[in-house]
Each structure stands twice: as structure tokens, then as C-alpha cells.
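Below you'll find the structure, written out as C-alpha cells, and then a few comments.
What follows draws every value from the coordinates through simple rules; no lab data is involved. Keep in mind that what you see is a predicted model, and the values were worked out from it rather than measured. Every residue, glycine as well, gets a Cβ built from its backbone with ideal geometry; the counts of neighbours run over all protein chains shown.
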Amino acid sequence: MNPKVIPITDEHLLEGCRKKDRQSQRRLYERYFETMTFVCYRYAKDKEIAHDLVHEGFIKVFKNIHSFKNKGSLEGWIRRVMVNVCLDYLRREKRFVGEVPISEAADSAIDENAINNLEAEYILEKIAELPDPLRTVFNLYIIEGYPHKEIAKLLGFGASTSRAYLTEARKILKKKLGPTFKRERQVNHG
């Protein structure tokens, strides 16, 4: 007779982590390590720094696990902790300096369908090549879904600067991904 395997849910792990159970902490860490490394890498640009940020983030998660109020998913809460750890790192490194004039915040069009045809890894590599403030605003707005007002508050500059950084990031990505778009279209359409 095969023993029945009962999956361990986030709720079980959460309960164990609140009791400071090391095995529950290890399992939670293992469950979300890869996902959170991916999150941190988008901000850190360097894999070793991203791993350090993940470790720092999980320390904060375990220290503040009691503050998770079961509103939304545990993974979403952990992701938010990780993003905040990354933003703290970028602030410590003084990666955000100066404002961008509102006149530079004109929106630029980007072919959304072309992005869908590219491999995610390649796009992430190109996002990682963006300068720090542009990459961070792009990640917060496009990937994490933060509004410009909240980004501005988190990073210590105006909402217009956040919009300008996003516009500039889009322009750069459009240039970087442009040749790939053409190559993809040729491969897919003849």
C-alpha cells in the first residue's frame, strides 16, 4: 500500500513560520526561492547581489511573518517584501539621482504583439541592461503593477519623473528589441 502524500499548503507553512519552526521556514524558503530570485534579479542586475537580496528578504519575511494578515496570497506578500528590499538596496547605492523634466515624459508607442513573440529570457536580459532608475521604474510599473504616484513615493521623486523614466525605458527597449522584432517577423511570416 502506498502512503498518501499530503501536500503542505502555504497556510501550513505560514502557521509553522509564525511558531518559528525551522523546517517550515526552510520549506517556505525553498518553495519561493527561485521565484523571488527572479524578482530580485530584475532590480539588482547581478545574480550574486540578487541572491543576497533574496536572503535579506527572507530574513525580513521570517521576522515580520506575524504582520501578514491573510489578505491576498502569501506569495504576493513575500514578493512585496522582496521588492521593498530591492528598493532599499538601490537607495543605499544611491541609484536614484535627480528629476527628469515633464517635457521628456511624452509616451512612446511600442508594438505589444512583437514583445509577445520574443522569448521572456531575452526580454529580461534587455530589461536588465537598462540603467538603474529606468529599470526599476519599468519593473515597478510594467511588471509589478505599481501606479506612478506610489513609485514616486517609494523612490523619492515626482510622479512626472516616474512617467519620464518609464517612457525612456520603453524607448531604449524598443531600440534594443527592434532588430529582434524584424527577425521574428521574417522567421514567422516568410
Selection from the stretch 147-169 of residues that are without any contact (Cβ under 8 Å) to a residue 60 or more places away in the chain and part of a loop (DSSP other than H, G, I, E, B): Pro147, Gly158
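Would you call Asp21 out of contact with any Lys or Arg (no Cβ under 9 Å at 6 or more places or on another chain) and more than 24 Å from Ile123 (Cβ to Cβ)? Talk me through it step by step, then tell me what you get.
On the way: out of contact with any Lys or Arg (no Cβ under 9 Å at 6 or more places or on another chain): yes; more than 24 Å from Ile123 (Cβ to Cβ): yes.
Yes: the conditions hold for Asp21.
Quick check on my filter: what residues within the stretch 20-36 are under 17 Å from the mean Cα position of the chain (by Cα) and among the charged types (D, E, K, R)? Walk me through it before giving the result.
Going residue by residue through the stretch 20-36, those that are under 17 Å from the mean Cα position of the chain (by Cα) are 32-36.
Result: Glu34, single match.
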